Amino acid sequence: MKKTKGTGVMLFGMFAIIVIIAVFILAGNGAKKEAASKEIRVGLLLYRGDDTFISTLRSYIEEKAKEYERTEGIKVTLDILDAKSNQNTQNNQVDRLLELGCNALCVNIVDRFAASVVIDKAMAADVPVIFFNREPVEEDMNRWEKLYYVGADAKESAVLEGKILVDAYRKDPASLDRNGDGTVSYVLLEGESNHQDSLIRTEWSIQTLKDGGVPLEKITGGIASWERSQASAMMEQWLTDYPDQIELVICNNDDMALGIVEACEENNISFDSLPIIGVDATEKGCQSVADGKMAFTIYQSGAGQGEYLIKAAARLAKGQSLEGMEYLSEDQKYVWVPFEKVDKSNVSQYQ
Ligand code: GAL
């Protein structure tokens, strides 16, 4: 009898201790969750900080993070690292940011075919990743449900660009076919050779012109890696090799278009007789359109993408899904922020 009573007291004591420990653990977890919902840490990895569009996007991301803090009352710590075009550097940066305790990573991958290393690291740490601007291959994107992509649909920008040119040609063929020989002779400047935006913008701008019935002849073209100076050097050469023959210059981005403008100014080429087209609507690109140098550009919304990245990263950092967010694809992995046309008539809205 005595023995039974003692055992009962002991069992009750043990039970009480277990309950107390459980209460402490639950309280601790609650406090952690509470902390996570009051403060989030986002790692931002850039392929190259001195790229014009990327540095604009970065500024918007910083601005939107501050705005989010103000409106939501949640502290956002942004850790920003520049890989300077080196994928190994970026892989090490991912390790560092995971060690720092980032709750979500926004990755502008250097080599879009080498995303698997970053994905392995994020999966091991169970930290969601939003890739942006440089799209990993589908096979990699499908490796985990916590992988997302925010960008702009390159085909959309190219088709928009092509249609503007088709309309101009239909209205007045001489606006593009200056020498009246029945074909529009063009040169084309591409960004990086493996970048989805170079490949798709190139393909669809030309395809749209062909579909629209514009007779075309490609004089030459080159890869200028998004850079103004490389584009300018190429154009200098082409103006010597093909004097008075180039009737249209299509560039995969504004920086390269600005390089073309520079070369034309050096060679006293009139902008009225040579339409130069870009993409991005950067500050300098817009100025060039306003000055009547570049004919038009297509606005890639750094503000839109920046805001989206912060909002999406915050949701994921808090363990929520992206469901219900604008522009989200059906599979809830891809986000395409729309482009807009910018010419002399509306450029002031973008400056
Ligand atoms: C493109 C943009 C280019 C360059 C590139 C970098 O979307 O148009 O100017 O910034 O991204 O990945």
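The values are calculated or read from the model by the stated rules, or taken from the named source; none is laboratory data. Since the model is a prediction, treat every value here as computed from it, not as a measurement. All Cβ positions, glycine included, derive from the backbone under ideal geometry; neighbour counts span all protein chains shown. For accessibility, only protein heavy atoms count, side chains too; no ligands or nucleic acids. Shrake-Rupley method; radii C 1.70, N 1.55, O 1.52, S 1.80 Å.
Descriptive notes on the structure:
- Failed criterion for Ala257 (all others in (1) open to solvent by 10 Å² or more (accessible area, probe 1.4 Å); (2) closer than 23 Å to Arg178 by Cα; (3) within 16 Å of the ligand (Cβ to nearest atom); (4) aliphatic (A, V, I, L, M) hold): (1)
- From the options Ser193, Ser198, Ser185, Ser205, residue that is more than 16 Å from Glu161 (Cα to Cα), touching a residue at least 24 places away in the same chain (Cβ under 8 Å) and within 16 Å of the ligand (Cβ to nearest atom): Ser193
- For segment 260-276, the set of residues classified as within 26 Å of Gln196 (Cα to Cα) and either more than 16 Å from the ligand (Cβ to nearest atom) or small (Gly, Ala, Ser) (or both) consists of Pro275 only.
- Among the residues of segment 160-172, the one identified as touching a Lys or Arg at 6+ places or on another chain (Cβ under 7 Å) and either under 30 Å from Met141 (Cα atoms) or within 16 Å of the ligand (Cβ to nearest atom) (or both) is Leu160.
- Within segment 60-81, residues that are loosely packed, with under 14 Cβ neighbours inside 10 Å sit with their Cβ atoms under 7 Å from residues that are of a type in the set (D, E, K, R), at 6+ positions apart or across chains, in these pairs: Lys75/Lys38; Lys75/Glu39; Lys75/Glu69.
- Of all residues in segment 310-326, those satisfying the criterion of being under 13 Å from Cys106 (Cβ atoms) and either among the aromatic types (Phe, Trp, Tyr) or open to solvent by less than 60 Å² (accessible area, probe 1.4 Å) (or both) are Ile310, Ala312, Ala313, Ala314, Leu316, Ala317.
- Scoring Asn268 on the criteria (1) among the polar types (S, T, N, Q); (2) without any contact (Cβ under 8 Å) to a residue 40 or more places away in the chain; (3) in contact with a helix residue (DSSP H, G or I) (Cβ under 9 Å, 6 or more places away or on another chain) leaves a single failure, condition (3).
- Looking only at segment 119-150, and only at residues there that are among the aliphatic types (A, V, I, L, M) and within 16 Å of the ligand (Cβ to nearest atom), the one that is most open to solvent (accessible area, probe 1.4 Å): Val137
- Answer from Ser157, Ser175 - the residue that is polar (S, T, N, Q), within 16 Å of the ligand (Cβ to nearest atom) and open to solvent by less than 50 Å² (accessible area, probe 1.4 Å): Ser157
- Screening segment 215-246 for residues that are open to solvent by 10 Å² or more (accessible area, probe 1.4 Å) and aliphatic (A, V, I, L, M) and picking the one that is farthest from Phe271 (Cα to Cα) gives Ile223.
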